[in-house]
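First the structure, in the form of structure tokens, and then the observations on it.
Just so you know, all these numbers are worked out from the coordinates, no wet-lab data involved. Note that the structure is predicted; figures quoted are calculated from it, not measured. FYI the Cβ positions are ideal-geometry reconstructions off the backbone, even for glycines, and counts take in every protein chain you see.
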Amino acid sequence: MHGETGRAPQTTWEYAVSAADQLALWHADSNPGIGEQPLRHQTVVLLGAAIYQWASNEGADGPGVIDAPLGALINVLRDHAIRALERCPAPADSGAEERTLLVYAYGGPAFDVVQHTALDVVQHHLNDASPVTTVTIADRRPALQEAARRRAAGSVWDDEGF
């Protein structure tokens, strides 16, 4: 993706993709394969589409995407991934190419790899979270901040964001 780095998200889509990227980067600490392109960007767009779908359904705008329950994201990724992709507003500089490729690949092994990776990202966060009934993206903030500190301190991840 060719999104602007160093700029705060402005739209609900940008917030969704930013949250998806942070969730994926945290997962990449224990599963380095997700850091490789194009898997990382495709996973982020698919997960971002799921977050955006949840936000649209719940009337959450912008930073409100952090209230998305991870369990709801698993349901979207598993049962409504193509609908979420088709409905997300991914502009040319923030996921349009990945979205087009994923929609085209839907139903085939290339899509399955990305879908499985996105599900793994969310499930890993659920497994790591304290045993509570509902875990949201906001609940994962301390783990995401710690991962960002590790990357800033010299990790091999380039932190190329969206």
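Please arrange H41, H80 by counting, for each residue, the other beta carbons lying within 10 Å of its beta carbon, fewest first.
H80, H41
Whose amide H sits under 5 Å from the amide H of T136, counting only residues 5 or more places off or on another chain, with H placed in the peptide plane?
Residues meeting the amide H criterion: L70.
For every helix of n ≥ 4 consecutive DSSP H residues, a contribution of -39,500 (n - 2.57) applies; sum these over the chain, divide by its total residues, and give [θ] at 222 nm rounded to the nearest 500 deg cm²/dmol.
Only helices count here, giving -19000 deg cm²/dmol.
In what order do L101, L25, L70, L46 fall by count of nearby beta-carbon atoms within 10 Å, going from fewest to most?
L101, L70, L25, L46
Filter the chain for me: DSSP H helices, axial length by Cα at least 18 angstrom, mean Kyte-Doolittle hydropathy not below 0.0. List them by residue number.
12-28, 39-58
Would you mind working out the magnitude of the charge dipole of region 12-150 relative to its Cα centre, with +1 at each Lys and Arg C-beta and -1 at each Asp and Glu C-beta, to the nearest 20 Debye?
In debye, rounded to 20, region 12-150 gives about 100.
What number, in percent, do you get for the relative contact order of region 1-125 if the mean sequence gap of Cα pairs under 8 Å and at least 6 apart is divided by its residue count?
After rounding, I find 34 percent.
Ranked by Cβ crowding within 10 angstrom, fewest neighbours first, how are L85, L47, L39 ordered?
Listing L85, L47, L39 from fewest to most nearby Cβ atoms yields L39, L85, L47.
Over the chain, with a Gaussian network built from C-alpha contacts below 10 Å, which listed residue (A16, A90, A118) shows the highest mean-square fluctuation?
Taking springs between Cα atoms under 10 Å, the residue moving most is A90.
Quick check of the Kirkwood formula: for the chain, what is the inverse mean of 1/r over all pairs of different Cα atoms, in Å?
Roughly 15.4 Å, rounded to one decimal.
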